[in-house]
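Notes follow the structure.
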Protein chains: 2
Amino acid sequence: MDGTLEFDGVRYPDGRASDPRALGWMQGTPPAEALCIRFADDRFLSFPQIRWSLSHMRELVPTVNVWRGEASASPLGDVSAADEAAIDDLAFTDMHGRPRRFGESLFDVYTDGIVVLHRGRRVYERYFGALAPQVPHSCFSITKSYAATLCATLVHEGALDDRRAVPHYLPEMRATAYADATLRQVMDMQIGVSYSELYADPKAHIWDYSRAGGLRPRPAGYSGPASFYEYLQTLQPEGTHAQAFAYKTVNTELMCWIMKRVTGRPLADMLSERLWSQLGCEQDAYLTVDPIGVPMGGGGLHASLRDLARFGELMRREGDWHGRQLVPAEVVRDIARGDDPAKFAKAGYTLLPGYSYRSMWWVSHNELGAFEGRGIHGQRLYVAPKAEMVVARFASHPVASSAANDPLTLPALLALGRLLQSR
Amino acid sequence: MDGTLEFDGVRYPDGRASDPRALGWMQGTPPAEALCIRFADDRFLSFPQIRWSLSHMRELVPTVNVWRGEASASPLGDVSAADEAAIDDLAFTDMHGRPRRFGESLFDVYTDGIVVLHRGRRVYERYFGALAPQVPHSCFSITKSYAATLCATLVHEGALDDRRAVPHYLPEMRATAYADATLRQVMDMQIGVSYSELYADPKAHIWDYSRAGGLRPRPAGYSGPASFYEYLQTLQPEGTHAQAFAYKTVNTELMCWIMKRVTGRPLADMLSERLWSQLGCEQDAYLTVDPIGVPMGGGGLHASLRDLARFGELMRREGDWHGRQLVPAEVVRDIARGDDPAKFAKAGYTLLPGYSYRSMWWVSHNELGAFEGRGIHGQRLYVAPKAEMVVARFASHPVASSAANDPLTLPALLALGRLLQSR
């Protein structure tokens, strides 16, 4: 409780001590140099700048709108003081064996906002730092869960065949690792491709991919791939498909390319038409775009917290939204059933025993039947059907890995699910 | 009627022939190279690319949201078929002496959309090309009229004193052309400053200003001003203040800097709090921002067409919005009264005899009492109190000068005002 936290041997100011408003980031006219966050200086995703940036991404990079349509916002109920107090006080033990309370623990995962729905009604809601109810926040890899749910819907509708090999849809990919990969293998991330996504490694491929997509500054004289699509065509094989889960964002980008090629509909429009305008979302969302306008399907979605919760609630209801089937029930059931945990186990996520990965959702196979969308800085969409619970959380954790917050997050959400299940 | 139009000796495809959807700009997965519009290639504001870009600016540059708030959209009535037909058929004579009809003339000013309100109700509405009712379009210099209306409001409220010299608010500007300029001279653009805004001249200062603000690509090794504020501090005197109207966008940028310095409120928040959330705007708007997040007050606003019309209607009603005084009536009356036409005449706008310029509105002193916000590619907000008319128009004219479309626009709007005045 000295205002710092340690991860992997490094100490960071905790959630309270790194509050971006209190620190004054981007305040002033102009901001003092030391408080300025620019795209070009490449520190906008460094800590503690990230605590501001994830709620202000469109001010740093180009984006495309996801229109909410013309309908009124769908009601989510109001949080009662009794619910709020009960959840704040909820006791649990974190994976380090320490007794915790739900409310105070939020600061230690650098929470920017959290909404808890029980049976579709809000029972808890909090905002911190740079976030506010109307402000879209980076979903990062929760974007993948949105995109693949749409892709699975297109498969269900017959527009796509997930048994087809990638080059059937994208002949450009014939000379790549994806020459003999099926769409289903892409959707489940079981691809043998040479591509590393270790954020702590400055030479990881994720940075080449980001530079290609215009999401990180390019060095002077840059002559690498000029877009996501160009980058994807450089990917070479490594290992065999369908053997193991291997989390690689390029798979999502490729999946989105197939969706766009076949349907002709931009991802932003598809999200608007099939989800945002149907769910009574409160705010427009947005997607970051690459230099030729292609949205980053692997991580570019920015949504308001309540709208993220609405998507979770749609999944909890197996795609039914008050009588309208927005996502086929079989698509949601297929996700909730998950895939083979043995393939997942090979990926070595020691904090996630028994999990599997299906259509870009993380499936817990736990007592709550929970499946999750996960973003690397603590963003989380936790759908727990057996507790009739949805938790939407935005965070800006200093460590770009869910493993840094899972020791707190997973026990907290399990305890919360049990509490609500008992009601 | 051969599908082309001539301006300054150059022939261009006309509005129909340059429709960006028909031409296929940015369509395809990916778009063909010849149909691709990128920020970096510096042709996104060239014709005909601009016909796409002005409705897609946020996909090219960073932007900040102007939130519409939580209220329902305010009603504007529905267009009747009789009104639509009567206005389409309205006859007038353009400044070249040619007989025209209102409806067909829209293509010759490269109209992207137009809404006409009479007594606050829609009597005409059209969309073309890349625009749709929910899509924000570049207002360009109509942004100035929004910003200066807010500034005049701050003066009225006592937060600012327009008799003060600029360095009173911004000591940084002491060694510039603005050392002895008053805020009022800035608001009325009567500043003796060395700064040229001739868009046809690639060496004009407007391009330095744009590069400083990150709105045009910077050459490799660029070492010029890194933000709007840095650029403003380079401006040197030329001539004397208060002698003549001289249209220079940097004046607006400086005015916005003063507003932000004194109030601490970002322009986007001020627009949201004082206008968007109060007027029942339908869509969020946005402002382009420079590399340190400063919005371009001189031209960065992008709004939906109907929301632009709502602002015009607020001005027509002298700031009263159904019983709430959103802008002081005296501020609007001061704008409508205009300034000294003799000072305006010195600027040499031969198509605008008798005009003046006040608080960044163009005041016609014509029989309709009209005052206008004007964007250089044909964007126009025409408020005609004596006709109880407001016309909001977006366009993407190939020539970056109102002089290219005024020969059609001004007679058309005068004829329309007379028609509605007679009802």
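The values are calculated or read from the model by the stated rules, or taken from the named source; none is laboratory data. Since the structure is predicted, the reported quantities are computational estimates derived from the model, not experimental observations. Heads up, the Cβs are rebuilt from the backbone with ideal geometry, glycines too, and the neighbour counts pull from every protein chain shown. Just the protein is used for accessible areas: all its heavy atoms, side chains included, with ligands, DNA and RNA removed. Shrake-Rupley method; radii C 1.70, N 1.55, O 1.52, S 1.80 Å.
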Coil-residue trypsin sites (Lys or Arg not before Pro) of segment B:296-382, DSSP, other Cβ within 10 Å capped at 15: B:K346
Span from the segment B:191-218 Cα centroid across to the segment B:315-374 one, whole angstrom: 26
Shortest-first nm distances, B:R164 label point to equivalent points in other copies (7 Å, Cα→Cβ): 6.5
Extended-chain gain in nm, criterion 0.36 nm per residue less alpha-carbon gap, A:D180 and A:T350: 58.2 nm
Cβ-derived FRET efficiency at R0 30 Å, B:R333 paired with B:V262, nearest 0.05: 0.80
Separation of the A:A132 and B:D42 label points, Cα + 7 Å toward Cβ, nm: 3.9
Sequence of B:T263, A:T234 from largest to smallest accessible area, 1.4 Å probe: A:T234, B:T263
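Can you compute the charge dipole magnitude of segment A:123-271 about its Cα centre, using +1 on each Lys and Arg Cβ and -1 on each Asp and Glu Cβ, nothing else charged? Give it in debye, rounded to the nearest 20.
Working: 14 positive and 14 negative charges, 43 e Å.
The calculated dipole for segment A:123-271 is roughly 200 debye.
Quick one: net charge of B:M315's neighbours, Cβ under 11 Å, K/R +1, D/E -1? Walk me through the numbers on the way to the answer.
Values: positive: B:R310, B:R316, B:R317, B:R333; negative: B:E313, B:E318, B:D320, B:E372.
Its environment carries a net charge of 0.
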Label 7 Å beyond Cα on the Cβ vector: B:D89 copy-to-copy distances, nm: 7.6
Residues in segment A:264-311 that, when all protein chains are in place, have 50 Å² or more less accessible area than the chain alone would give (probe 1.4 Å): A:I292
Alpha-carbon centroid distance for the pair segment B:1-47 / segment B:70-106, whole angstrom: 26
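Rounded, prolate or oblate: which fits the protein assembly as shown, taking a ≥ b ≥ c as square roots of the Cα gyration tensor eigenvalues, rounded meaning a/c under 1.5, else prolate when a/b beats b/c?
Values: a/c = 1.82, a/b = 1.65, b/c = 1.11.
The shape class here is prolate.
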Anisotropy class of segment A:111-421 from Cα gyration tensor, a/c 1.5 cut: rounded
Interface burial for B against A (accessible surface, 1.4 Å probe, total of both chains, Å², rounded to 100): 2500
Accessible surface of segment B:155-274, 1.4 Å probe, proportion on carbon and sulfur as whole %: 50
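Would you please classify the overall shape of segment B:15-155 from the alpha carbon gyration tensor, given that a ≥ b ≥ c denote the square roots of the eigenvalues, rounded means a/c under 1.5, and beyond that prolate means a/b larger than b/c while oblate covers the rest?
Details: a/c = 1.71, a/b = 1.14, b/c = 1.51.
Cα axes put segment B:15-155 in the oblate bin.
Using just the helices of the protein assembly as shown, give the 222 nm mean residue ellipticity in deg cm²/dmol: DSSP H runs with n ≥ 4 each add -39,500 (n - 2.57), and the total is spread over all residues, rounded to 500.
-8000 deg cm²/dmol
Quote the charge dipole size of segment B:111-421 about the Cα centre in Debye, to the nearest 20; the model charges only the Cβ of Lys and Arg (+1) and of Asp and Glu (-1). Kindly include the intermediate steps, with their values, before the conclusion.
Details: 33 positive and 31 negative charges, 83 e Å.
Dipole of segment B:111-421, to the nearest 20 debye: 400 debye.
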Residues A:R324 and A:S80, FRET efficiency given R0 of 30 Å [Cβ-Cβ distance, rounded to 0.05]: 0.55
Solvent exposure ordering (accessible area, 1.4 Å, most first) of B:H241, B:H322: B:H322, B:H241
Heavy atoms of B:E157 accessible to a 1.4 Å probe, total area in Å² rounded to 10: 100
Residues of segment B:43-72 buried by at least 40 Å² on assembly (accessible area, 1.4 Å probe, chain alone as reference): B:R58, B:E59, B:P62, B:T63, B:W67
Selection from A:Y382, A:L419, B:I292 lying farthest towards where the dipole of the protein assembly as shown points positive, charges on Cβ: A:L419
Label-point separation, A:A403 to A:R418 (7 Å along Cα→Cβ), nm: 2.6
Accessible area in square angstrom per residue, chain A, 1.4 angstrom probe: 36
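So which GluC sites (Glu not before Pro) in segment A:175-256 are both in a DSSP loop and have at most 15 other Cβ atoms within 10 Å of their Cβ?
Working: sites: A:E197, A:E230, A:E238, A:E253; in loops: A:E197, A:E238.
For GluC sites (Glu not before Pro) across segment A:175-256 that sit outside H, G, I, E and B with at most 15 neighbouring Cβ atoms in 10 Å, the list reads A:E238.
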